[in-house]
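Here the structure is laid out as structure tokens; the discussion comes afterwards.
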Amino acid sequence: MKVQLIKNSLRPRARMIGIVFLLYFLAAILAQFLTSRNHVGYGNGANFIATGLYCLVTVLFYYLFKPVSRMLSLIAAFFSLVGCIVMTLELFRPSSLATNPLLFFGPYCLLIGYLIFKSTFLPHILGILMAIAGAGWLIFLVPNLPGYLSLSLEGLGICAEASLMLWLIAKGINEERWKQQSGAA
């Protein structure tokens, strides 16, 4: 009976993932705002909360995309969680690591984009946008990138992730297709 209850609640669960994703966005925006106003301690606290929310989104995405490819979903989750660890370490020891978290979030977005594209329960355009965002995050790492290009890539990444978030909140997933893909896996 418990399994049936879980399978019957896929659409609300997908919407919950979107809401957690939205909470991450809001916490990250708050962190940027506080840090820009020289409230670094509060900004770091908000960043810590945002990172925790992103870890939760990562785990939820792992289970959502597990029917598409368990291994790729696991690899994507690994990249994201390592990126979250790097980001958290930077909060406690700024500039102690020479590793940019985007080095992990870029491949994560690429893999999530691929998983969405290969899924039957989300629109393929969201997968294409996420894959482009992942490539953009990796290009963003290029040193001495012109300001306008850097801003464009950042906007592209935010728009792609926001599109996925809004889709999950507004539409959720196609439950029947998720169940079919889950059964085939």
Problem - From Leu110, Leu34, Leu56, residue being at pLDDT 95 or above and within 24 Å of Pro143 (Cβ to Cβ) - result: Leu110
Practice task
Specify which of the listed residues (Gly41, Gly83, Gly45) is buried (at least 22 other Cβ atoms within 10 Å of the Cβ), over 22 Å from Met16 (Cβ atoms) and of a type outside the set (Ser, Thr, Tyr).
Solution key: Gly83
Fill in the blank from the handout: Heads up, the helices (runs of 4 or more DSSP H) in segment 111-185 (entirely inside) with at least 3 residues that are free of Cβ contacts under 8 Å to residues at least 40 places away in the same chain are 124-140, 147-170
Practice task
Tell me, yes or no, whether segment 91-102 has at least one residue that is within 14 Å of the chain's Cα centre (by Cα), surrounded by 15 or more Cβ atoms within 10 Å (Cβ to Cβ) and part of a helix (DSSP H, G or I).
Solution key: yes
Problem - Long-range neighbours under 9 Å by Cβ, at least six apart or interchain, first residue in contact (Cβ under 8 Å) with a residue 24 or more places away in the chain and among the small types (Gly, Ala, Ser) within segment 65-93, second part of a loop (DSSP other than H, G, I, E, B) and surrounded by 16 or more Cβ atoms within 10 Å (Cβ to Cβ) - result: Ser73/Lys66; Ser73/Pro67; Gly83/Pro101
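Being in a helix (DSSP H, G or I) and of a type outside the set (Ser, Thr, Tyr) is the requirement here; does Ala76 meet it?
When the stated conditions are applied, Ala76 passes them.
The values are calculated or read from the model by the stated rules, or taken from the named source; none is laboratory data. Bear in mind that the values here come from a model prediction, so they are computed numbers and not experimental data. Every residue, glycine as well, gets a Cβ built from its backbone with ideal geometry; the counts of neighbours run over all protein chains shown.
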